[in-house]
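Remarks on the structure that follows.
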Amino acid sequence: GTESGILYPRASESRQLVSLDGLWSFALTNDTNPFRGHNEKWYDIDFRASDDITIQKMAVPSSYNDVGTSSDLRDHVGPVWYQRKFFIPASWDGLKVWIRFASVCRGAEVWVNGKLATTHDIGHLPFQADISTIVVYGEENTITVAVDNTLLEATIPQGTVTTLESGRVKQTYTFDFFNYAGIDRPVVLYTTPQTYIDDVTVTTDIDGTNGLINYSVVVEGSDTVTARVTLFDKTGTEVVSDAVLQGTLTVQNASLWWPYLMDPNPGYLYTLQIQLIDPSGTLIDKYSLPIGIRTITWDSKSVKINDKPIYLRGFGRHEDSDIRGKGLDLPLIIRDYNLIQWIGANSYRTSHYPYAEEIMDLADELGIMIIDESPAVNTENFTSELLENHKKSLTEMIQRDKNRPAVIIWSASNEPRTQYQESEDYYRQIVAHIKSLDSTRPVTVDNFQQPDDDHSGQFLDIASCNVYHGWYFEPGDLDIVINEVTKVARRWNELHNIPVIIAEYGADTLEGYHSVPNFMWSEEFQEAILSKYFQAFDEMREEGFFIGEMIWNFTDFNTDQTFMRVGGNKKGIFTRNRQPKGGAHFLRKRYWALAQYL
Ligand code: GCB
């Protein structure tokens, strides 16, 4: 695409990096006058000096919804406003100064010193702007951000807004997780020189014992610079180098990137260092990117990493926790990876949106395979406007994650309404769009339709299906599970001649609720239903087309208020507080046994 790069910000000899995380000033508009802030030009007002704007402090990064005590904050619909001061050193004058948001959920308008710097209209994905000409150097500056959580017919994801008789504006949506909002990932300022590395794209291949690294560097600014590209191994030792912006590095006796438990040293990462040198030999810009050498290939029955068939043992997940909502929380992500390793999983799906870059970095490092999913959850009403927004979300997701070895499959959507004929042309275009941006990874859509009612399967490399027999269908009837599950999965394979993943199955389970004989919602029921699904999976594994199982869900998570949910969705095998239910111990035995099998 023509998109510019969105490299993860890293400091170097030529790049300075300053975090803007911390406590920002924060103001709500009220529901009946959501554009008060815009009408009164709050971006031109110093919040601290205003008597009219009620401000409070808000943590960045965090979702704002659950940090307060009022439903006005939790259930707010429409723009909220963030503001803070930041200092720009005089020494930055002459450099390019960038502001980068790793995610704002969902719509963002950013003003610096009262001037509009940029806008962005999708959550869970980074965006940045060059603010060199609107900052003042050697002085304090003001940044103001309006964040709008409103979901409409053609936003990604979609939702509906209604005005109740009381006058309150209410947001509804069909997806099953709370619509958390706010500046929920880190915000940084960083500098580049005027001529800088805008983007790097890497693909890898294997030739015998050699690794091949195909790279291409996009430079903005002067075209008289030359490149020095150097690869370092894990210990920091130089392996190979070249002097062109686009080329192939050959690594003798390469250490390959392997998934967790497929090799004693999973997740091997090299560092690709790129330097731009001007004609006088001076270093202009320097950027380093972690990369893994691995191949992905697929056919009608399997997906292979480095020519070895994989079997996915994993989860659907959410970025979700108490108080923070979807806000990035480093201790939490370390805890999560410890649990993932403890349980012997090798993969997960970023259901139902791309996860924070820090989370993805750890997957790369630990060898956890990722199905990377677009924020287009429960897609319906397939308008051309929606299609454009959906494509944009994919462009941004692939731009961000294209170089990650952990990302092995792109998921275009979760549970789109593909029973409708209009979805056929829509998914034809969506899959073609993904393929035009990256042809090195297989594409899936996570479906819950019956395979014979679906119109997307013909375009996919892998079928992913969500099955809830014994729960939503025939609740409590465990004796039907094996038949029903194998029937659906076999049919996906038969219809489209592609490998199949069960991407969701599970049962809501209230921690500490016990019942013999087992009963829905009890910990005993969770184990009993899992054991039925496991038998179905084992039958199909023998047949050779079944390549993975991902339980729904890694942890309990929050949802919108509904009679379906008591304090959120309880299908976690871990609680929201990241402690195991009985099902976690049970799943652990299976995942470790399967790991040995590989
Ligand atoms: C699904 C959805 C997921 C829900 C889950 C459930 O099929 O993909 O978002 O949370 O079912 O528990 O109902």
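In the condition set (1) farther than 21 Å from Gly5 by Cβ; (2) within 16 Å of the ligand (Cβ to nearest atom), Tyr427 is compliant with all but (2).
Working only within region 118-147, note down all residues that are at negative phi, touching a helix residue (DSSP H, G or I) at 6+ places or on another chain (Cβ under 7 Å) and either surrounded by fewer than 19 Cβ atoms within 10 Å (Cβ to Cβ) or of a type in the set (Phe, Trp, Tyr) (or both). Selection gives Tyr137 alone.
Let's see how each residue does on (1) surrounded by 20 or more Cβ atoms within 10 Å (Cβ to Cβ); (2) more than 17 Å from the chain's Cα centre (by Cα):
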residue	(1), (2)
Met262	no, yes
Asn265	no, yes
Asp285	yes, yes
Gly314	yes, no
Ala356	yes, no
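Would you confirm whether or not region 364-378 contains a residue that is in contact (Cβ under 8 Å) with a residue 24 or more places away in the chain, aliphatic (A, V, I, L, M) and touching a Lys or Arg at 6+ places or on another chain (Cβ under 9 Å)?
There is at least one residue in region 364-378 that is in contact (Cβ under 8 Å) with a residue 24 or more places away in the chain, aliphatic (A, V, I, L, M) and touching a Lys or Arg at 6+ places or on another chain (Cβ under 9 Å).
Matching residues to (1) away from the ligand (no atom under 16 Å from the Cβ); (2) more than 30 Å from Ala345 (Cβ to Cβ); (3) in a helix (DSSP H, G or I); (4) among the acidic types (Asp, Glu):
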| position | (1), (2), (3), (4) |
| --- | --- |
| Leu386 | yes, yes, yes, no |
| Leu394 | yes, no, yes, no |
| Gln399 | yes, no, yes, no |
| Ile408 | yes, no, no, no |
| Thr418 | no, no, no, no |
| Ala432 | yes, yes, yes, no |
| Ser436 | yes, yes, yes, no |
| Gln449 | no, no, no, no |
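Filter region 148-170 down to the residues that are farther than 21 Å from Ser374 by Cβ and touching a residue at least 40 places away in the same chain (Cβ under 8 Å), then identify the one that is surrounded by the most Cβ atoms within 10 Å (Cβ to Cβ). This residue is Val169.
Taken residue by residue, region 307-315 has at least one member that is within 30 Å of Ile498 (Cβ to Cβ), within 16 Å of the ligand (Cβ to nearest atom) and of a type in the set (A, V, I, L, M, F, W, C). The condition of being over 22 Å from Glu549 (Cβ atoms) and either touching a helix residue (DSSP H, G or I) at 6+ places or on another chain (Cβ under 9 Å) or within 16 Å of the ligand (Cβ to nearest atom) (or both) does not hold for Ile371.
When Thr204 is tested against (1) touching a Gly at 6+ places or on another chain (Cβ under 7 Å); (2) closer than 25 Å to Asp44 by Cα; (3) buried (at least 22 other Cβ atoms within 10 Å of the Cβ), exactly one condition is not met: (2). Residues to consider are Thr350, Thr383; find the one that is within 22 Å of Val445 (Cα to Cα) and surrounded by 22 or more Cβ atoms within 10 Å (Cβ to Cβ). When all the criteria are applied, what remains is Thr350.
Does Ile343 qualify as being in contact (Cβ under 8 Å) with a residue 12 or more places away in the chain, within 15 Å of the ligand (Cβ to nearest atom) and on the phi < 0 side of the Ramachandran plot? Criteria not met by Ile343.
Taking region 514-567, which residues are aromatic (Phe, Trp, Tyr), in a helix (DSSP H, G or I), within 16 Å of the ligand (Cβ to nearest atom) and closer than 18 Å to Thr486 by Cα?
Tyr533
In this entry, Gly506 is excluded by the filter for residues that are over 30 Å from the mean Cα position of the chain (by Cα) and closer than 23 Å to Gly568 by Cβ.
Of all residues in region 451-469, those satisfying the criterion of being part of a loop (DSSP other than H, G, I, E, B) and away from the ligand (no atom under 13 Å from the Cβ) are Asp454, His455, Ser456, Leu460, Asp461. As a summary of the residue check, Thr575 satisfies the conditions (1) in contact (Cβ under 8 Å) with a residue 40 or more places away in the chain; (2) more than 16 Å from Ile343 (Cα to Cα); (3) within 16 Å of the ligand (Cβ to nearest atom) except for the one numbered (2).
Across region 206-221, the number of residues qualifying as under 26 Å from Ile277 (Cβ atoms) and not in a strand (DSSP E or B) comes to 1. Can you say whether Phe586 is within 19 Å of Tyr348 (Cα to Cα), more than 14 Å from the ligand (Cβ to nearest atom), modelled with pLDDT of 95 or more and not in a loop (DSSP other than H, G, I, E, B), as far as the supplied structure shows? In short, yes.
Got a number for residues in region 42-74 being without any contact (Cβ under 8 Å) to a residue 24 or more places away in the chain and not hydroxyl-bearing (Ser, Thr, Tyr)?
Counting residues in region 42-74 that are without any contact (Cβ under 8 Å) to a residue 24 or more places away in the chain and not hydroxyl-bearing (Ser, Thr, Tyr) gives 7.
Restricted to strands (runs of 3 or more DSSP E) entirely inside region 111-183, those with at least 3 residues that are more than 22 Å from Arg324 (Cα to Cα) and not aliphatic (A, V, I, L, M) are 115-120, 139-148, 160-163. Could you check region 570-583 and list, in sequence order, the residues that are in contact with a Leu (Cβ under 8 Å, 6 or more places away or on another chain) and of a type in the set (Gly, Ala, Ser)? Gly583 - this is the single residue of region 570-583 that is in contact with a Leu (Cβ under 8 Å, 6 or more places away or on another chain) and of a type in the set (Gly, Ala, Ser). Scoring His514 on the criteria (1) touching a residue at least 40 places away in the same chain (Cβ under 8 Å); (2) on the phi < 0 side of the Ramachandran plot leaves a single failure, condition (1).
The values are calculated or read from the model by the stated rules, or taken from the named source; none is laboratory data. Quick caveat, the model's predicted, so the values are computed rather than measured. No Cβ is skipped: glycine too gets one built from the backbone with ideal geometry, and neighbour counts run over all protein chains shown.
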